[in-house]
1. Considering every residue within the range 92-111, establish whether at least one is under 40 Å from the mean Cα position of the chain (by Cα), closer than 30 Å to E189 by Cβ and of a type outside the set (V, I, T).
2. Please work out if G226 is in contact (Cβ under 8 Å) with a residue 40 or more places away in the chain and surrounded by 14 or more Cβ atoms within 10 Å (Cβ to Cβ).
3. Looking at the range 67-87 only, could you name the residues that are buried (at least 16 other Cβ atoms within 10 Å of the Cβ) and either over 12 Å from V53 (Cβ atoms) or among the aromatic types (F, W, Y) (or both)?
4. Tell me which residues, restricted to the range 93-120, are assigned to a strand (DSSP E or B), touching a Ser or Thr at 6+ places or on another chain (Cβ under 9 Å) and of a type in the set (S, T, Y).
5. So, restricting to strands (runs of 3 or more DSSP E) that lie completely within the range 192-280, which ones have at least 1 residues that are over 30 Å from T181 (Cα atoms)?
6. Please enumerate the residues belonging to the range 136-175 that are among the aliphatic types (A, V, I, L, M), free of Cβ contacts under 8 Å to residues at least 40 places away in the same chain and open to solvent by less than 20 Å² (accessible area, probe 1.4 Å).
7. Can you tell me how many residues in the range 176-191 are in a loop (DSSP other than H, G, I, E, B) and either modelled with pLDDT under 95 or open to solvent by less than 50 Å² (accessible area, probe 1.4 Å) (or both)?
8. Go through the range 154-175 residue by residue and tally those that are within 25 Å of G226 (Cα to Cα) and part of a strand (DSSP E or B).
Amino acid sequence: MFCCCIFLAVSLLHSLCHFHVSGYDPSCTENPVFTPSALIVKYGDPANATCDVCQKDCSGDSFGLEHAVGKGTQNGTTMIWTVDRLTEWDTSLLCYYTSDDGDQCSSILDITTYQPPESVSISFVNHTGMMFEYQQYTLQCSVQNVAPVQNLTVTFYRGNTALGHLQSNSEEKKPVNESFTLNITPSREDDGAQYWCEAKLELGPAGPQRPPVVTSEKLPAIVHYGPELNEPPNPDVITITEGDTLHLNCSSVGNPSPSYTWTLPTNSPSYSGSVLTIKSVGFEHEGQYICTVSNTVGTVTKEFNIDVQVSSIPHTYIIGGTILGALVLVGLSLGCYCKRNQRGNYKLSKIIVIDS
């Protein structure tokens, strides 16, 4: 037991001898300076950094560089660290020196090792196929093998419109798989739209100039909604003159495409189109016309009440014919009168010519 206590004490002293306080010690007039001040390296890439230990004369064993990977070399009071291939996910460098007063001054360079997303995919949670208007659905963006996930921003899109930005609460340094969800409530305007998501590693100014971005495939949306009439409501009664053409418009939009059923006055033929046309209306066409529009989502109806009036065209024809006949008679009378006058003039002219 006594030997174990001695061993623990020796181990503790050894650890303390190699322990260096991070950050800035108030008793230090200056601290080592790393270049760059932040180091962000893609997994497997080479890396390097330098540490200017102090501006004053540091000599002997009073300064050094601690590192778990790579190698360090010394050039005067500058320590140089290099690694051919960085494969550690959580590592750092510690640069230190001991002042004349025995105080140890140090700085730590945290190294961020990152891995762009291996793949990104989008799907609906517990749903496949068509959607219905005004119902809530959940989109899921799955990101595979990314690090560090705390620097990841996922954006959901509908077409070119951003729907939301999400981030992870995880502080895991190694690559992980992470899923992000977003609730949506589609409308008929979303029918045919494409949903997708984008995963971007926001690594800050010290990271690559173009942050790593990986996007998912496009997920087309099929939104089913009930019929909606295109035309405004009709007046209570539609009045039309006998013999005119009647158009009853019941066109609508819907998904799936709606079907039409007409309820017509007695003895009228059946019809199943969106616009009912009668070229020459008669009194037998009076009455109520009901158009029923339906699809698998819903049904709407539209009513047309038709009143046929007597045509005034025959009376016009009679009056017009009478006037035209009178004009013809007058014209004929004038013509006969002119011919008689013309005939007499011809005779007079001939007599005058002969006498000369």
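The values are calculated or read from the model by the stated rules, or taken from the named source; none is laboratory data. Worth saying up front: this structure is predicted, and the values here are computed from it rather than measured. When we count neighbours, we look across all protein chains shown, and the Cβ atoms used for this are built from the backbone with ideal geometry, even at glycine. Accessible surface areas use protein heavy atoms only, side chains included; no ligands, DNA or RNA. Shrake-Rupley method; radii C 1.70, N 1.55, O 1.52, S 1.80 Å.
1. So far as the range 92-111 goes, no, none of its residues is under 40 Å from the mean Cα position of the chain (by Cα), closer than 30 Å to E189 by Cβ and of a type outside the set (V, I, T).
2. It is true that G226 is in contact (Cβ under 8 Å) with a residue 40 or more places away in the chain and surrounded by 14 or more Cβ atoms within 10 Å (Cβ to Cβ).
3. Result: H67, G70, W81, V83, L86.
4. Result: Y96, Y97, T98, S106, S107, T113, S119.
5. Per the criteria, 223-229, 238-241, 246-249, 252-255, 259-263, 275-278.
6. If the condition is that a residue be among the aliphatic types (A, V, I, L, M), free of Cβ contacts under 8 Å to residues at least 40 places away in the same chain and open to solvent by less than 20 Å² (accessible area, probe 1.4 Å), then V149 is the only one that fits.
7. Qualifying residue count, the range 176-191: 3.
8. Number of matching residues: 1.
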